[in-house]
Amino acid sequence: MLRSDKKREPINIAALIIAALCCSRAYSLDNNPVLPAEPATNSRPSEEITRDAAVAGKSPVLQSAKYKVDRIIIDPGHGGKDPGSMAKDGLQEKSVTLDIALKAAEVIRKRLKKEVILTRDKDVYVGLHERIGIANRNGGDLFLSIHVNANTDNNIHGPKIYTYSSINTDRISRMLAIRENIEYIKPDRMKRILSEPRSKLIDHLSVFLAGNILGNILSNVDSEAGNKYIISSAPFYVIEHVNMPAALLEVGFITNTDEERKLSVNDFRYKLAGAICNGVENYMRATTIEK
């Protein structure tokens, strides 16, 4: 069994997010950042997420209404001719991601009263470029790409969330990015992708979004972190080129027997959808100024 019989302590979501924000590459379960935090400066833009507010126990607030969330893009990974990862019993990533995405859209629309646009709502193939186009053409405020992880080691388990960076957190992140970007892996294209600049503020917001969602998954879903780095960065094409805060969610390992069983259960998928909604709601509360 991967889980302990002992009652789990509640996850401190604020601490998880703060740790993620204080490390530019990844959040580590042992609280040791991979790289040191950026040095503090005396003059910072008012719209920056401040580390001081986080340390003081306050929610970071962006001083601009332009970060209000009205439209959320949910991207179910793979589809159609691309099944994604597969379990031994035939369960396919593309069906799991679509079902979770549909459930998350339903919960967000009902609870948060926000518009949700899906990059696909049935079992069809949608290329990475078109997924990006859907998000940008529709003026999305947040982008969530939902995936299911896989590994040759079937003992590896747990959720993991990625934000964009041209620098990979680790070798596994690099290999996963290559797998997800396969249709765009050409030497000249990849060189251009990795050299393009990113908005630092959007990067910070993406980590903040990832931290909120991950904290809710670990607190409210029957899921445990099995990875050392559970918020990581990698050059995923689909989250690099959307013009909004974005995160790629690997909700579990389809190659792990316990998690494969859970991912097959309707109730577990609804819990994941609810946790995603909660994470988005927490993000919105922290980045929207009350009138």
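The values are calculated or read from the model by the stated rules, or taken from the named source; none is laboratory data. Being a predicted model, the structure only gives us computed values, none of them experimental. Note that each Cβ is placed from the backbone with ideal geometry, even for glycine, and that neighbours are counted across all protein chains shown.
Here are a few things to note about the model shown:
- Scope the range 82-117; condition in contact with a Lys or Arg (Cβ under 8 Å, 6 or more places away or on another chain), more than 22 Å from ASN282 (Cβ to Cβ) and in a loop (DSSP other than H, G, I, E, B); matching residues: PRO83, GLY84
- Taking the listed residues LYS191, LYS200, the one that is at pLDDT below 90, under 30 Å from LYS68 (Cα atoms) and surrounded by fewer than 16 Cβ atoms within 10 Å (Cβ to Cβ) is LYS200, with no other qualifying.
- Members of the range 118-140 found to be assigned to a loop (DSSP other than H, G, I, E, B) and crowded, with 22+ Cβ neighbours inside 10 Å, listed by number: THR119, ARG120, GLY140
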